[in-house]
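The values are calculated or read from the model by the stated rules, or taken from the named source; none is laboratory data. These numbers were taken from a predicted model, which means no experiment stands behind them. Backbone-built Cβ (ideal geometry, glycine too); neighbour counts: all protein chains shown.
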Amino acid sequence: MASVKKKSNGSYLIRVFRGYGADGKQNEFSKIFVPPEGMSDVKIQKALAKAAVDFEREVKDTLINVGDLRLKELIELWFKEQNQPVITKGKKVKKTTLSGYKGLTYWIYTLLGHIRVKKMGIEHLDAFYVQLQQPGIRRDSKYRPIVNLGALLDNKKLSRKKAAGTIGISERTIYALFPAKRAKSAPGNTMRTAAEKICGFLGQTLDELLRP
């Protein structure tokens with residue numbers, strides 16, 4: 001059953017406990033109910049009671065058997081939960097941290113995302129770690145052009161400044177990787193994410209244009 005606690009600002013904290021976490025403690029889900037301005041105490045109590053019942057039903061309906069989910073589905077569910085008011089207490093992370101976590105999902109999804117959680121074993125993790133050691137796998141590797149990207153861009157008759165905005169990378173990166181014809185310095189390097197954006201813009205594969 002949902003519990004309700006009035007806060008000092010006039011809002012109400014609704015809490016529901018369902019299931020248990022890995023630490024053996026019950027999972028707590030919470031939601032804030034803010035009464036409309038001018039609502040009488042009697043109406044507030046009725047609205048609050050309904051909100052508590054609805055929230056308890058919402059939590060119950062959204063709980064699923066985690067073991068039946070594929071790893072990608074479970075991770076996506078967690079990301080979705082982070083953007084909802086219904087979250088496990090103490091589990092919400094900062095937006096910057098969340099963004100960093102999303103950046104780690106590429107190879108997790110690619111290599112492990114299709115496996116159901118209940119069937120995940122040590123052998124899957126061992127294979128995952130071995131795969132991460134392969135050349136070009138790490139997304140934090142630096143990629144350097146193996147062809148003249150500047151010439152390819154010139155063929156599109158597009159300025160480097162405009163290309164940077166179109167591709168979604170910084171002007172500094174575009175000038176480093178797409179040197180002008182008269183530039184004497186060697187092309188710079190960039191992260192895999194930016195390298196993939198560049199390849200998508202030029203309509204070619206990563207192996208054709210850049211290598212770690």
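Annotations
- Yes/no for Ile108 being modelled with pLDDT under 85, closer than 30 Å to Gln26 by Cβ and touching a helix residue (DSSP H, G or I) at 6+ places or on another chain (Cβ under 8 Å): no
- Pairs linking a residue in the range 103-128 that is closer than 16 Å to Leu69 by Cα to a residue that is among the β-branched types (Val, Ile, Thr) and part of a helix (DSSP H, G or I), with Cβ atoms under 6 Å and 6 or more positions apart or on different chains, are Val117/Val66.
- Taken over the range 113-143, the criterion of being among the basic types (Lys, Arg), at pLDDT 85 or above and surrounded by 13 or more Cβ atoms within 10 Å (Cβ to Cβ) is satisfied by Arg116 alone.
- Hey, Glu208 at pLDDT 85 or above and out of contact with any helix residue (DSSP H, G or I) (no Cβ under 9 Å at 6 or more places or on another chain) or not: no
- Filtered residues of the range 35-60 (kept if in a helix (DSSP H, G or I) and touching a helix residue (DSSP H, G or I) at 6+ places or on another chain (Cβ under 8 Å)): none
- Pair list, Cβ < 8 Å and 6+ apart or interchain, from the range 169-183 residues that are within 14 Å of Leu210 (Cβ to Cβ) to residues that are at pLDDT 85 or above and surrounded by fewer than 13 Cβ atoms within 10 Å (Cβ to Cβ): Ile174/Lys161
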